[in-house]
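One structure is given here, and the rest of the page talks about it.
Read the figures in this text as sums done on the coordinates, not as results from a lab. Just so we're clear, the structure is a prediction, and the values are computed from it rather than from any experiment. So basically every Cβ, Gly included, is an ideal-geometry build from the backbone, and we count neighbours across all protein chains shown.
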Amino acid sequence: MDLHLKNLFGRFQDQFGSGPGLGPGSGTCLMKVEGIAPNCIKSIYRAAAALYRTEPWKRLHPGHLFGIRVGKDSDWSNKKQPFPCAQFVGGDGGDIGIYMFRNENDGKRMTGSRETIRIPNVELLRVTFETESLMFPSNKKMIRSLSLEASGTDRFPVIDVTRCTTSGELWFRNPTLEELRFVYAFMRAISLVHPLLQVDTDGGPKWSRLLHFEPFIETVDVQWPPEMAKGNDLVAVTVSHPPGQVYDERASSTSHSTPTKYAEPTKEETFADVRMNSNGGLRQCATCEKEVHGDQSVCCGRCRAVIYCSSTCQKQQWKDTHKSECGLYKAMMEREEELAMKIFMFPCSADQPCKWLEALGVHQKGMWRRKCSCYSHCPFGLLPVKGGLWDLWGGLDDEEYPQDAPYHNHIRDGISSPILLSGWSEYYNLRSLPLSSPVADILSHPLTVYYILTALSISSKNRLLKGKEVILHYLGPEGELDWMPAFAEIGHLLNGSGNIQIVMVGPEVPTNLSGTTSGISSRVRVNLLRGVYQEEATYLPSPHVIIALNCVLDRNGSWSGALDVIKTMGFPAFFTDQSEISCANAKQVLRSAGLHITHPVTPNPFRSPVRNHSPSSNLPSYSNGFVFGAMEFPTYELSPWNYILTAPAIFSYPIIPENYVHWTQTPESHIFSADLPGVRKEEIKVEVEDSKYLIIRTEAVDESTIPGRSFMRKFRLPGMINIDEISAGYEDGVLTVMAPRSITRRGLLIDPAAVPERLEVLARAA
Ligand SMILES: [Zn+2]
Ligand SMILES: [Zn+2]
Ligand SMILES: [Zn+2]
């Protein structure tokens, strides 16, 4: 027996005693779980791998107990969270895993100074990360046949439920499907939030091995993989430490919004490794800002994200700031693969823009002149234009750029409606563009606008579907001012339904264009206005949506005025930014401006496929890389439902939750709307639970029918709602729920079936 194996087995025996069937893996196998689908196993393995990579065991020990809530109690059998308390075991170089207990008391009783103590008849759910060589043949076979994702180099999770009998024997069983759902949600959530735990330097005696963390509670939305979703797509998971934390405590302790801090392991005062950077080109040291050639630069060996001129500068920044941020950067770097769009057949990395454009044959040509700094002397909007569309697209072959022509074959049964797009491949397909065409890089701006108007902002989508006009305030245009021919594509996508008025406001609009209106297509009009948004806003027609692309909210102080307008006027606003770190910073800016995130930071399906390289960072960065939405929201109640972390793994999911509920508000009420096409009115149920939660779902009227769409969304109502006056209406496939502001609350059921069609005569309480 090899030494490692011997040690490992020895440790198991110390821990559990010896007995038949004992050993790592316990002989259970997910394949044997009743009703489990292979995709479900894949999702669980992926979640386990994502968690493993965040290395929680570096800081978390069995003594650190966590409280967990997944969804609501009634989601689970016996109306009870199955394993609401968890600990991390291992961490001293041995086998590692998660143990989950039926209650906090079990957790406490089984927590020894180093490892878990055996207590008879206590059942625990275990996820252990085993090396493949130690696993049972049944598990190995499953891993091979399903090509499951490894957690570490050869580590795979084994999930089982174990119990020690009174005679000291250990019993194992396969987890149930429900238990697997629970552990899945837990793994997803804890991998996002555990890096947020902050070490409490004053807590605990100095001689203690155990780190102490400040009391902690965080709620994140976890998306179920399709095979685990039971009607609702997202579930809120609350993680707390110690387990008893509740939200109210946090509300009082952090009355103003504190920046999210990612604490890192504290044991070592040593610096992270240094790694040579292999990227060419000129880079800039993040500490001293000295320019350095790519080959001579170094980067943080742990996160690989930050670039320095020398290890001296790296050590300096590690001490100053980077030590606390490295974990966050590392998590963001993890997503390089996921964010790279691999469908395109042109080079998707613009380390040196001029060279990249040259390689494509479009350098200093047409609209591409705004893609490098060669034309920075020419004011935005004033690039000289000579030829037609062919020239504007830099002389690409005719079939390589979108023609100024309507989409054919897209009018079904004589009914025209805006074309809804999910991503680049669909767009390229529709336009019959070859994947070698780089036009996505420029079209990212207009198509992101279109995507926001037709997918993220439900109110503007509904207006367009009804053939109405949508007014859009577009803040801070720069290079886009020279891309109007690309924006004309929006008009074609509208496909004969609705109009869009884009009001572009910003200091970069040239004076001689300010005040002009141009119809760039029969359905899209663009007004240009030079000035600062907050000064102009009052004179402009009220917008349905405000959009700012690549906004860099954190680096530009002048945003505060615009954010004030968004807040006081209550307009919904959507932003894009290039990297996750700028989004994380932007969220802080929005929160401190009193705005709330109404649409979580998600990768934008219409981001440019071309990766940018910032001089001092290796973080994945794309033009319009991520999109998020914000709006004013009452601040008198801290609700766990309106915070969604910028957390890494959240992005590994589909772009927009399908069962998305849009939230707008007026001074009088909060308005929630959801797309429910193909559902009969009587199948929609709108309920208020515990006077606090709004539930929108579909339900079969009788057993013989199935709703056209399964929908389920539950969220916390904002404070100060007049529950008695909540009303709902269903029209043209859109459910709208109105919740008037007030000061009293009570429970009731609103039944859209029992009310007249029109929204104006909204449903009354049943
Ligand atoms: Zn330096
Ligand atoms: Zn680092
Ligand atoms: Zn150039």
Going by Cα centres, the stretch 479-521 and the stretch 594-618 are how many Å apart?
23 Å
Given R₀ = 45 Å, FRET efficiency for N512-H293 by Cβ-Cβ distance, to 0.05?
0.60
Would you calculate the separation in nanometres between label points at V385 and D73, each defined as 7 Å from the Cα along the Cα-to-beta-carbon direction?
6.5 nm
Report the full-extension gain for the segment S145 to A700: residue separation times 0.36 nm, less the Cα-Cα distance, to one decimal in nm.
196.0 nm
Would you list which lysines come within 21 Å of K461, measuring only between C-alpha atoms, while excluding same-chain residues fewer than 8 positions from it?
K681
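As an exercise, find the ratio Rg/Rh for the stretch 349-658 from alpha-carbon atoms, using the Kirkwood inverse-distance average for Rh.
On the way: Rg = 18.8 Å, Rh = 20.0 Å.
Rounded to two decimals, Rg over Rh is 0.94.
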Could you give the C-alpha radius of gyration of the stretch 97-230 expressed as a fraction of 2.2 N^0.38 Å, taking N as the number of residues it contains?
1.22
If you build the convex hull over the alpha carbons only and average its shadow over all orientations, what do you get for the stretch 546-604? Give it in nm² to one decimal.
3.6 nm²
For the pairs K330/K587; K567/K685; K58/K108; K371/K587, flag any whose C-alpha to C-alpha distance is greater than 29 Å.
K567/K685
For the stretch 274-333, rounded, prolate or oblate, judged on the Cα gyration tensor with a ≥ b ≥ c (square roots of eigenvalues), a/c < 1.5 rounded, else prolate if a/b > b/c?
oblate
Antiparallel bridges, percent of DSSP beta bridges restricted to the stretch 349-658 (to nearest 5)
45 percent
Model label zone, I343; criterion: amide N under 11 Å from point 7 Å along Cα-to-beta-carbon; scope the stretch 425-463:
425-431, 433, 435
What is the distance, in nm, between label points placed 7 Å from the Cα along the Cα-to-Cβ direction at S436 and at H408?
2.4 nm
Express in nm, to one decimal, how much length is gained between S522 and R53 on full extension, taking 0.36 nm for each residue of separation and deducting their alpha carbon distance.
163.7 nm
